[in-house]
Structures are given as C-alpha cells and as structure tokens.
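**Q** Can you read through this structure? Questions will come right after.
The values are calculated or read from the model by the stated rules, or taken from the named source; none is laboratory data. Predicted model only: the values in this text are computed from it and were never measured. Ideal geometry is used to build each Cβ from the backbone, glycine not excepted, and the neighbour counts take in all protein chains shown. Just the protein is used for accessible areas: all its heavy atoms, side chains included, with ligands, DNA and RNA removed. Shrake-Rupley method; radii C 1.70, N 1.55, O 1.52, S 1.80 Å.
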Amino acid sequence: MVEEEAKSLPMELSEKGGVENNGFVQNEAFDDKETDTSSQEEMPKTCVVDVNPAPLEEQVVKPYAGMPKEVLLKFSSQARYRVTREILFWLIIAAAIVLVCATVAIIALSPKCLDWWQASPVYQIYPRSFKDSNMDGNGDLKGIQEKLDHITYLNIKTIWITSFYKSPLKDLGYGVEDFYDIDPMFGSMSDFEDLLAAIHDRGLKVIMDLIPNHTSDKHQWFQLSRNRTGKYTDYYIWQDCVQAAGSFTPPNNWVSVFGNSSWQFDDVRKQCYFHQFGKEQPDLNFRSLAVQQEIHDIIKFWLGKGIDGFSFSAVKYLLEATHLRDEPQVNKSQNPESITAYSQLYHDYTTTQVGMHDLIRSFRQTMNQFSSEPGRYRFMGSESDEEEDIEATMMYYGTTFIQEADFPLNFNLINMKSLSGNSIFEAVSLWMKNMPAGKWPNWAVGSPNAARISSRIGKEYVNVVNMLLLTLPGTPVTYYGEEIGMENIASENAIFPEKSPMQWDGKVNAGFTEGNNSWLPVHSDYQSVNVEIQMTWSNSTLNLYRELTLLRSNELAVSRGWMCYVWNDSNVFLYVRELDGLDRVFMMVLNFGQESTIDLQAIVPSLPSEAVVRLSTNFSNAGKAVNTKLIKTERGEGLVLEYKTAKPVHTMEAFKGNCFVAEKACYSSAFNLLYVNC
C-alpha cells in the first residue's frame, strides 16, 4: 500500500508541475542498514526528478555585479544599452575635436611669447670691480657667484659679464690672448663652470662678450703669423712699409681709434701690421676663411659650455678696404702730416665695409645651431655705436628674411649732449621711428665706457633716469651700481673712474674685498651709497629700482604694450603704456629740467579727472590721487600715473604718428589670455 502511494507520488507532482525530492524524507530502512553496502541496491529509486523547463524560461534575470562574460554580452546587445554607449562615444569624439580645434585656434591667435632676453632687464657686470672673493683686490668669478642673490633681489633674470678671457689686460682685457681660457685674475675654467651652474640653478641667463675684431699681440696666432708659419701667415693684416732711422712710413693715413697711425712695424716679420685700436691689439684678417672658422669654433666652444648668448663688440671694424687708399680728411685744408686723431678723418675704408654684415649673419647661423632645444634660445647682441648714422645701426637687426642680431646695442641715451625733456624725446624717438617693424628695442644709460649717470648728468636725475629706462618698451640694460646711484671716482690715479668697485656695505672697502686694497679706490660716499643700507630705506634708489622692475614684470601694458608720446618740452617728457583690451593705462611724467606744471586733460581730452600715483621718485607720493588738470613735478622727479579709460591714446587720431608697438597683443579679460587679431 505504501509502495503504491510512493509510486504514484512522482506522477502526481509531475502533473502538478512540481519536482520530487526525497532528500529530506527519512528512510528508515536505509538508517537501519547504514553499513550494509548491499542494501544500496535494494533502496527504492526515489531520486528520479521530473522537471518541466518551461517555467524557468519565463524568469527575468537582471544585470548584476560580477556577471560572467556570456551574461554581459547578452545585455550589451540590447538597444537601451547600445544606444547609450554610442551616444557617449560620439560625445567624447566631438569633445576631443572641439578641444583640438580650440587649442589650434589659441595657438594661431596667440602672440609670440616674450623670450627670456625680452622679458627681463639685463644686468651688466664688469667682473674686476664687482666682488673680490680671494682678497687680492680684484673682482672675480667666485665673487659674482657670491652675489647672485643681489641679482634675484632686483627681479633681474639676465646677467651680462664683460670680457674675462685670458689677456694681458690692455684696453680692459679686450685684447685677448686665449679665447678658450679664463684669465687667472678672474679664476679658472672650473670657477666659470660653477658660476654658470649657479646662475642656471636660479633660473637666470648669462651673456658673454666676444671681441672678434682683434687679439692681443701675445696670442699664439700672432706669434705664428709674425714668423710666417703655415696658415697663420695671413691671419693678420700685413703690409710692406719703409723703415729708416728708427721710424717707418705707413702704407696710408689710416688712424687708430686711440690716435696716431693704425700701422705698427714688426721687427720679426719686417712688415707693418694693422690695428684699429692699440698697437698691442692687431686686427685679424677676416678675408681669410681660416680666421672666420676660428671664430665660429670659439662660438661653438662657449655655447657648448652652456652660456646663453653673446654680445659681439667692435663688429663694424671687422673688414677694411683692400685698396688701402687714404681716408678723406674732415678738414681738407689741414696739413695731412698733422693728422693724428681719429676724429680728423672720415672712416670710409676702415668701418662697415661690404661683406661685414655677411660675417655677422654667419655668426648668427652658428648660434642658431644651439637654439633648437626648447627654452634654450641663444641671444645675439651687437655693439656698433654708429652714433650719427642711425640707418647703419638698424642694419644690424638683419632683414625680414635674414636674421642677424636680436638687437644692436642702443647708446642714444648715453650719447646725448645735453639733458632736457626734448633731448630725451629725441633720443627715444630716433630709435623707435627708425627701428624695422616687428623688431625689439633696447636701452642703456650706463656702460663700462661711459661716465655714470650721477656724474654725467647729476645725482638728482638718477631715479628719474632709472624710471625712464625701466618703463620704455624693449630690454633695459643696467650697468652695475646704477641701481644704487654710484658715482665716478675722482681719484687722480683712477684711469677708469666709472669702473670703481661695487659698494656693498659700509665696511672697509665697501664690502668689495676683505683684502687691504682694491685695484681701484672705492668712492668716498660708500658709507651712505651702498646696497646694505639702501635695502633698509623705503625711499632709496635701490628700492625704487626694485619696484620699477616689479611693475615691469607684473603689468602687461608695461612689458609689451603700446608706447605713445604724449608731450615733451624743455622740462618734461610724457608717454603712456597701454594694451588693447585693458582699460588700465600707465602714464609716465618725467622731469629732466626745472619745476613744471602740466594740464594733462588739455593734452589728452579723454583723460579722467583723477589718476593714482602708482610709483614716484618720492615714495611718499605713491598711492595718492592727483588732479590731471594740474600735474606738478620738481626737478628730477618722476611719476608713474595709473588711470582707467575706455579710449586708449593709441586709438586717437591725434596721436597716430606717436605710437609704437614691437610685439602687438590684445588682452581678453573673459579668457585671461592674449591674442593677436585685435
């Protein structure tokens, strides 16, 4: 009976769509015979399962974390997932295309960034007078390294070190004995490499002098040339000349820069050699390809060391006319035998000869080989000082298609014969109106070969001249010591009064050396005119200089904006710095004469009634509001006024011919970037 019921159970469950599972039913017979293996054969076969699969297919499975690949693929093919995935994919593609297009547009519309030689003032160091590290009384390379913090304090990024090659030190070391070595007075090559590394570690750049025109008569090349040794025979300019009774007759009337004949008889070679400068500095023969290659090799050597640029000196003297004709006299009635001064001749055959610019361009090409690495552009400056011939000076910029110097050094502000608002305007305007379009200007107010500002034009003008220098467009060049207002020394024994030792503090020898003596006397005012004490005075020349460099680096209008002349007379020179897209304008009111009062609104009708004094040579005036109808300046006073306007000066028809910009740019306040299509 029980067996019949058990047999009928599967059928009943099957009919009901169920599943038989005896796994939970106690089997007494099995329990009693648990160890009897034979009983397994007699056990009822009640484990049969009868399943109907139809209900399983009707169950809905949802996506879950960790699902296997087969399940994932099942869902990924469903429309709701596939469409979403495709929408996201194309959105990403579209966003990438927009991003690329925006990047290309920004690059195409953005102006060229200012390079390192444009963005910072240049600080020129005469190494023998900067800092002595070994107590011998002469400045040296280690001394420069000790004082690099001073450079960074001034917010200056570029250092220009004048000649420190091995030399007999005739003519300040510009007659080089070995272009590949350091003069022992300044240290060793190892000292130079340490200095270079320290400069670059601070994010600074360094420029060196290179004087290719001549060498010292102690140079190995000259010694070989005077003995007619191989290729060196023609490394210098030799000509036959007649010697008799201890004197000689030169080949022509050419006169050296330092006076007297530019020819010198050599007892070894029995000929005369040519020298544009001192007789100890024979001119190289640049019509020799071997000489040209020597200079290229020197350039490569120092660029390979890691320097960031060269200032090429005396380049207008590189070539001379081969016909050797007499140069014309300035005063035709003067007795030719009495001509001894350089100024008594027109130097038509000894300066700026055809082919000279080709040589300079070849130097540029060699330097460009080292400029391919990003951020390592190698700067090239040229010192020509054509003085009266501004067009000849501008040729050193090169042409639209052929690069030459990044800029020729500008000595207009140094060469002024007198000081006034008008003379400053003329010096600035002369450069700006003759400079080729798209080129970059530069300015210098001091150099190793010119009297210091305070000695040349007066102490009271030091601050206003520095204000001019640091707010004009272009690269300013500061000669060491001008940032504290140093003066020429007045010692009878001082042959080079503008090269006196740097005045660091009020201690003995102004902190220049710890030795007993310095190579030149320190100026007697060193206890009041020095770096240490001026750092503590809020109204000092040093702190004004520093504030001006900060203004230059922080304000786009000053670093790369338009410059427009607004007014000039015998006392004052006024100009504005402004940038398209910025409503903030800076106006410089600089007094180079006597006390003056100016009505700015009468000069610039759209000027607001008030302006704020951003900087002043008198620090107590900074931050004050002034009436633009009545701007008063004292002798030697300078003001940087700041105001807002919707109508900048360079857009006004009345000032169209008075405005200049080197690297045109416009500012977008919405995107906080610069662009070119204004």
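**Q** Percent relative contact order of the chain, based on C-alpha pairs within less than 8 angstrom and at least six residues apart?
**A** Worked out over the chain, it gives 10 percent.
**Q** If you don't mind, another one. Students often get this wrong, so check it: of Lys112/Lys433; Lys142/Lys170; Lys157/Lys656; Lys112/Lys157; Lys316/Lys439, which have C-alpha atoms separated by over 26 Å?
**A** Lys157/Lys656
**Q** Still on this structure: Between Glu388 and Met189, what is 0.36 nm times their sequence separation minus the Cα-Cα distance? Round to one decimal in nm.
**A** So the extension gain works out to 67.6 nm.
**Q** Once amide H atoms are built 1.01 Å from N in the peptide plane, which residues 5 or more positions from Asn442, or in another chain, come under 5 Å H to H?
**A** Residues meeting the criterion, in which the H sits 1.01 Å from N, are Thr475.
**Q** I've got another one for you. At 1.4 Å probe size, with every protein chain present, just tell me what the per residue accessible area of the chain comes to in Å².
**A** Spelled out: the 1.4 Å probe surface of the chain, per residue, equals 48 Å².
**Q** With a 1.4 Å probe and all protein chains in place, put Lys62, Lys459 in order of accessible area, largest first.
**A** Ranked list, largest accessible area first: Lys62, Lys459.
**Q** Still on this structure, please answer the following. How high is the FRET efficiency from Gln365 to Ala95, r the C-beta distance, R0 51 Å, rounded to 0.05?
**A** 0.70
**Q** Between Lys231 and Met652, what is the label-point separation in nm under the 7 Å Cα-to-beta-carbon projection?
**A** Roughly 6.3 nm, to one decimal.
**Q** Continuing with the same structure: What order do you get for 270-276, 245-251 when each peptide is scored by the mean count of other beta carbon atoms within 10 Å, highest first?
**A** Answer by packing, highest mean first, reads 270-276, 245-251.
**Q** To continue, here is another question. Over the alpha carbons of segment 462-602, what is the largest minus smallest coordinate on each principal axis, giving the biggest first in Å?
**A** 58, 32, 26
**Q** Related question: Long-range amide H contacts for His214: which residues qualify at under 5 Å (H placed 1.01 Å from N, peptide plane, sequence gap of 5 or more or a different chain)?
**A** Leu284
**Q** Going through segment 482-584, which GluC sites (Glu not before Pro) have at most 16 other Cβ atoms within 10 Å and a DSSP loop state?
**A** Sites meeting the loop and neighbour criteria: Glu492, Glu514.
**Q** Can you give me the % of accessible surface on the chain that is carbon or sulfur? Probe 1.4 Å, all protein chains present, nothing else counted.
**A** 53
**Q** Now a separate question. What does the charge add up to near Val122, with Lys and Arg as +1, Asp and Glu as -1, over the other residues with Cβ less than 10 Å from its Cβ?
**A** +2
**Q** Can you give me the solvent accessible area of Val83 with a 1.4 Å probe, rounded to the nearest 10 Å²?
**A** For Val83, solvent-accessible area is about 70 Å².
**Q** May I ask you to order 186-194, 365-373 by the average number of other C-beta atoms within 10 Å around their residues, highest value first?
**A** Packing order, densest peptide first, comes out as 186-194, 365-373.
**Q** To continue, here is another question. Going through the cross-link list Lys205/Lys632; Lys332/Lys499; Lys218/Lys417; Lys459/Lys664; Lys417/Lys632, which pairs have a Cα-Cα distance over 29 Å in this structure?
**A** The answer is Lys205/Lys632; Lys332/Lys499; Lys218/Lys417; Lys459/Lys664.
**Q** A follow-up question, please. Amide H neighbours of Trp160 under 5 Å, at least 5 residues apart or on other chains, H built in the peptide plane: list them.
**A** Counting only residues 5 or more places away or on other chains, the set is Tyr123, Gln124, Ile125, Ile207.
**Q** Then there's this: For segment 432-508 and segment 367-420, what is the separation of their C-alpha centers, rounded to whole Å?
**A** 19
**Q** Still on this structure: State the Cα centre-to-centre distance between segment 207-274 and segment 509-533 in whole Å.
**A** 40
**Q** How would you classify segment 367-455 from its alpha-carbon gyration tensor, with a ≥ b ≥ c the square roots of the eigenvalues: rounded for a/c under 1.5, else prolate if a/b is greater than b/c, otherwise oblate?
**A** prolate
**Q** Another question, if that's okay. Among Val104, Trp117, Met135, whose Cα sits farthest toward the positive end of the charge dipole of segment 84-142 (+1 at Cβ of Lys/Arg, -1 at Cβ of Asp/Glu, about the Cα centre)?
**A** Val104
**Q** When the Karplus curve 6.51 cos²θ - 1.76 cosθ + 1.60 is applied with θ = phi - 60°, which whole-Hz ³J(HN,Hα) does each residue of segment 207-214 get, with x for Gly and Pro?
**A** Computed from phi, the couplings for segment 207-214 are 10, 10, 7, 9, 10, x, 5, 8 Hz.
**Q** DSSP loop (so not H, G, I, E, B), at most 14 other Cβ within 10 Å: list which trypsin sites (Lys or Arg not before Pro) in segment 359-410 pass both filters.
**A** Passing sites in segment 359-410 are Arg376.
**Q** Starting from the residue with the highest accessible area, list His347, His214 in decreasing order, probe 1.4 Å.
**A** His347, His214
**Q** How many angstrom lie between the Cα centre of segment 538-607 and the Cα centre of segment 129-146?
**A** First find each Cα centre; the distance between them is then 38 Å.
**Q** Separate question: With equal scatterers on the alpha carbons only and no solvent term, can you work out the Debye log10 of I(q)/I(0) for the chain at 0.07, 0.08 1/Å?
**A** -0.58, -0.71
**Q** Which one, Ala662, Asn331, Thr471, projects farthest toward the positive side of the charge dipole computed for the chain from Cβ point charges (K/R +1, D/E -1)?
**A** With unit charges placed on the Cβ atoms, the residue in question is Asn331.
**Q** Under a point-charge model restricted to the Cβ atoms of Lys and Arg (+1) and Asp and Glu (-1), what is the dipole moment magnitude of the chain relative to its Cα centre, in debye to the nearest 20?
**A** Here the size comes out at about 2900 debye.
**Q** May I ask you to list, by number, the DSSP H helices of the chain whose Cα span along the axis is at least 27 Å and whose average Kyte-Doolittle hydropathy reaches -0.5 or more?
**A** In the chain, the long hydrophobic H runs are 79-109.
**Q** Could you tell me the calculated FRET efficiency between Ser669 and Ala341, based on Cβ-Cβ distance and R0 = 60 angstrom, to the nearest 0.05?
**A** Computed FRET efficiency for Ser669 and Ala341 comes out at 0.50.
**Q** Let me ask you something else. Are there trypsin sites (Lys or Arg not before Pro) in segment 550-642 that DSSP puts in a loop and that have at most 14 other Cβ atoms within 10 Å, and which ones?
**A** Within segment 550-642, the qualifying trypsin sites (Lys or Arg not before Pro) (loop, at most 14 other Cβ atoms within 10 Å) are Lys624, Lys629.
**Q** Please give the FRET efficiency for Phe258 paired with Asp136, using the beta carbon to beta carbon distance and R0 = 25 Å, rounded to the nearest 0.05.
**A** 0.30
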